[in-house]
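The values are calculated or read from the model by the stated rules, or taken from the named source; none is laboratory data. Since this is a predicted model, take the numbers as computed values, not measurements. Every residue, glycine among them, receives a Cβ derived from its backbone with ideal geometry; neighbour counts consider all protein chains shown. When the accessible area is computed, the model is the full protein with side chains, heavy atoms only, and any ligands, DNA or RNA have been set aside. Shrake-Rupley method; radii C 1.70, N 1.55, O 1.52, S 1.80 Å.
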Amino acid sequence: MKPNFKLVVILMLFCILVSGQGQKDYTPTKENIEARKWFQDAKFGLFVHWGIYSVLGDGEWVMNNQNIPIDMYEKLPSFFNPIGYNAEEWVKMAKDAGMKYITITSRHHDGFSMFDTQANDYDIVTATPYKKDVLKTLAEACRKENIKLFFYYSLLDWHHDDYFPRGRTGKGIAGRAETGNWDNYIAFMKTQLTELLTNYGEIGGIWFDGHWDQMGWDGKKYGRLKVDWHYDELYKLIHDLQPQALIGNNHHLAPIEGEDFQMFEKDLPGKNTTGWGTDASDIGNLPFEVCETINGSWGFNLQDQKHKSEKELVQYVVKAAGYGSNLLLNVGPMPNGKIQEEHQKSLKAMGEWMRKNGETIYGTRSGPIPPSEKMASTQKGKKVYLHLLDENENVVFLKGYSPKIKSIKRYDDGARVSYERTKYGLLLDVPKDERNTIDTIVEITLQ
């Protein structure tokens, strides 16, 4: 039987592209497994998008969106002098908000490093009048307050000559070299990752982004991957240097071997309302994390007034927990190093809610009632916490749920909740005048 030549070629190309796209035969260490459990228990973290792009006040994609030439963009570091930055204030703000970890951009798509790197001179210590390593002081402040620190790291780079072949983004940026050496770029990333994993003490993990830049896209789904990211080498490097460090990759695909958690950008797991997110069929078995903005932007955007309300933010962390997921809530610091007052107020409100109700979120796993616009559930042992998010219904029916029950009460005051078990499910009587406008929590204790 003659081989199908076209099929052989396709299979060979597939093997070439897939080879190196994961840490083969990866077995998490004991430290890594323990870190995963901690991560699943943490439930709430602070995302920080900060870089020289904040000077322009138009988000972290401003270089691409405005097609700013390389030589013009390189003027920005000289204007970046965040004398208002106070790492201890940031960490205290996060801790008071009930957050257990911070993930900060060490290098975003514009290629500028927010740490002291020896890989090039395009960094905050060498190229700005500030001359200080903000990641160093943040790492120290996090250690003092027992807050874990994760580093966001961009795989794509609109500035580096050796990021070649070019990806789908940044095509209108003038001044980019017409050639480059991909192996040199991989070596550059290895150097920087080694620095991040050796110069800042023990970290929580690495948060990769930009994989999708090298994938085909027809407007509805991703196509073929065009490069070898050498994940086998990058992931092994990270796990060898810090075995407990968790690796996540915002590629919007099913987990790749060697990753330790799966993230979902601006979407609850599997919802993909953005159209370019992770499909439900690509959900894996790793710990989950949902990332979202407080307003509509990741990086500082002077004109973005789409600030989410306390109700929206609380219900987002509740729904995320209902999926067994963390919520990584983002702030975009201003170029002076301060956090917007509106964002500080939002985080303060979240902290007040978490102090009262955190028991129903921290350390829980997804509950028996799938999240919806009306409710979500979390569970910890024999305690099921039903979060009622619609304040306008007197009667709550949990279809198909009729377990053996010890008691049902309101979480806030312990008042008894009337209920009836039927062959069709569980019926709860929670009058509207007893509802909380944000989240009415019912505690179900199972036998």
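Applying the criterion of at least 3 residues that are surrounded by 14 or more Cβ atoms within 10 Å (Cβ to Cβ) to the strands (runs of 3 or more DSSP E) found wholly in region 189-239 leaves 205-209. Restricting attention to region 1-53, the residues being open to solvent by less than 50 Å² (accessible area, probe 1.4 Å) and either over 26 Å from the mean Cα position of the chain (by Cα) or at pLDDT 80 or above (or both) number 23. Given the criteria of a type in the set (G, A, S) and either surrounded by fewer than 22 Cβ atoms within 10 Å (Cβ to Cβ) or touching a Leu at 6+ places or on another chain (Cβ under 7 Å) (or both), does S325 qualify? When the stated conditions are applied, S325 does not pass them.
Of the residues making up region 65-87, those that are open to solvent by 30 Å² or more (accessible area, probe 1.4 Å) and either closer than 19 Å to D161 by Cβ or within 22 Å of the chain's Cα centre (by Cα) (or both) are N67, P69, D71, M72, E74, K75. Can you pull out every residue in region 347-370 that is surrounded by 21 or more Cβ atoms within 10 Å (Cβ to Cβ), in contact with a Ser or Thr (Cβ under 8 Å, 6 or more places away or on another chain), of a type outside the set (A, V, I, L, M, F, W, C) and closer than 30 Å to V91 by Cβ? Listed by number, the residues that qualify are T360, T364. Scanning region 109-129 for residues that are open to solvent by 10 Å² or more (accessible area, probe 1.4 Å) and in contact with a strand residue (DSSP E or B) (Cβ under 7 Å, 6 or more places away or on another chain) yields D116, Y122.
Residue-wise test of (1) of a type in the set (F, W, Y); (2) under 25 Å from N64 (Cα atoms).
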{"position": "H251", "(1), (2)": "no, yes"}
{"position": "T273", "(1), (2)": "no, yes"}
{"position": "T293", "(1), (2)": "no, yes"}
{"position": "F300", "(1), (2)": "yes, yes"}
{"position": "V314", "(1), (2)": "no, no"}
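Per this entry, I247 is not counted among residues that are closer than 25 Å to T191 by Cβ, open to solvent by 10 Å² or more (accessible area, probe 1.4 Å) and not in a helix (DSSP H, G or I). When region 254-272 is filtered for residues that are open to solvent by 40 Å² or more (accessible area, probe 1.4 Å) and either of a type in the set (F, W, Y) or over 23 Å from K319 (Cβ atoms) (or both), only E257 remains. Is it true that some residue in region 302-312 is buried (at least 18 other Cβ atoms within 10 Å of the Cβ), of a type outside the set (V, I, T), touching a helix residue (DSSP H, G or I) at 6+ places or on another chain (Cβ under 7 Å) and not in a loop (DSSP other than H, G, I, E, B)? No, there is no match, as no residue in region 302-312 is buried (at least 18 other Cβ atoms within 10 Å of the Cβ), of a type outside the set (V, I, T), touching a helix residue (DSSP H, G or I) at 6+ places or on another chain (Cβ under 7 Å) and not in a loop (DSSP other than H, G, I, E, B). Do the conditions hold for S281, that is, is it among the hydroxyl-bearing types (S, T, Y) and part of a helix (DSSP H, G or I)? Considered against the rule, which asks whether it is among the hydroxyl-bearing types (S, T, Y) and part of a helix (DSSP H, G or I), S281 comes out as yes. With respect to the conditions (1) more than 29 Å from K148 (Cα to Cα); (2) in contact with a Lys or Arg (Cβ under 6 Å, 6 or more places away or on another chain), T179 lacks only one, and its number is (2).
Within the set T169, T137, the sole residue that is of a type in the set (S, T, N, Q), closer than 30 Å to Y85 by Cβ, open to solvent by 30 Å² or more (accessible area, probe 1.4 Å) and out of contact with any Cys (no Cβ under 7 Å at 6 or more places or on another chain) turns out to be T137.
Within the option set P403, P335, being more than 21 Å from C291 (Cα to Cα), under 25 Å from the mean Cα position of the chain (by Cα) and open to solvent by less than 60 Å² (accessible area, probe 1.4 Å) holds for one residue only, P335.
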